[in-house]
Amino acid sequence: QVQLLESGGGLVQAGGSLRLSCVASGTISSINAMGWHRQAPGSEREPVARITRDYTINYADSVKGRFTISIDNAKNTVYLQMNSLKPEDTAVYYCEADIVSSVTQRQYTWWGSGTQVTVSS
């Protein structure tokens, strides 16, 4: 079993910054990729940023130049530094990870329970 625990959400004014963290724990052999998705009220969940074990990174167009994703492989932790936040960034942010199980040696995708980010205008 694997757990993803997110932290760092909160309320911030437009133009401000927040840093999200997500740590993976449990029966982990290796982590091939970690990322962040978000879901605003009434909207579909959408990808925000993703980073692979070898540091290949992808961003949604809406966050390019404002958000930075990074990973600490030794700590099984992914970070999302969010700068120049806008009210439209308000959403629940979910961590996602592609993890190879130490029990089965097969890859599974795991999700965190989400952390709320609210940006006031």
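The values are calculated or read from the model by the stated rules, or taken from the named source; none is laboratory data. Model, not experiment: these values are computed from the prediction. Backbone-built Cβ (ideal geometry, glycine too); neighbour counts: all protein chains shown. Just the protein is used for accessible areas: all its heavy atoms, side chains included, with ligands, DNA and RNA removed. Shrake-Rupley method; radii C 1.70, N 1.55, O 1.52, S 1.80 Å.
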| note | Listed by first then second residue, the pairs whose first member lies in the range 60-78 and is on the phi < 0 side of the Ramachandran plot, whose partner is acidic (D, E), with beta carbons under 9 Å and at least 6 positions apart or on separate chains, are A60/E46; S62/E46; S62/E88; S62/D89; V63/D89; R66/D89; F67/D89; V78/D72
| So, of the residues in the range 1-24 that are open to solvent by 20 Å² or more (accessible area, probe 1.4 Å) and more than 23 Å from T118 (Cα to Cα), which turns out to be nearest to the chain's Cα centre (by Cα)? | Q3
| Members of the range 44-55 found to be in contact (Cβ under 8 Å) with a residue 24 or more places away in the chain and farther than 19 Å from Q107 by Cβ, listed by number | R45, V48, A49
| query | Could you say whether any residue in the range 2-13 is over 13 Å from Y79 (Cα atoms), touching a residue at least 60 places away in the same chain (Cβ under 8 Å) and in contact with a Leu (Cβ under 7 Å, 6 or more places away or on another chain)? | reply | yes
| said: Against the definition (among the basic types (K, R) and either touching a Leu at 6+ places or on another chain (Cβ under 6 Å) or free of Cβ contacts under 8 Å to residues at least 12 places away in the same chain (or both)), how does K86 come out, yes or no? | reply: no
| If you take just the strands (runs of 3 or more DSSP E) that sit entirely in the range 49-121, which of them hold at least 3 residues that are at pLDDT below 95 and surrounded by 15 or more Cβ atoms within 10 Å (Cβ to Cβ)? | none
| In the range 25-48, what residues are open to solvent by 40 Å² or more (accessible area, probe 1.4 Å) and in a strand (DSSP E or B)? | S25, G26, S29, N32, Q39, E46, P47
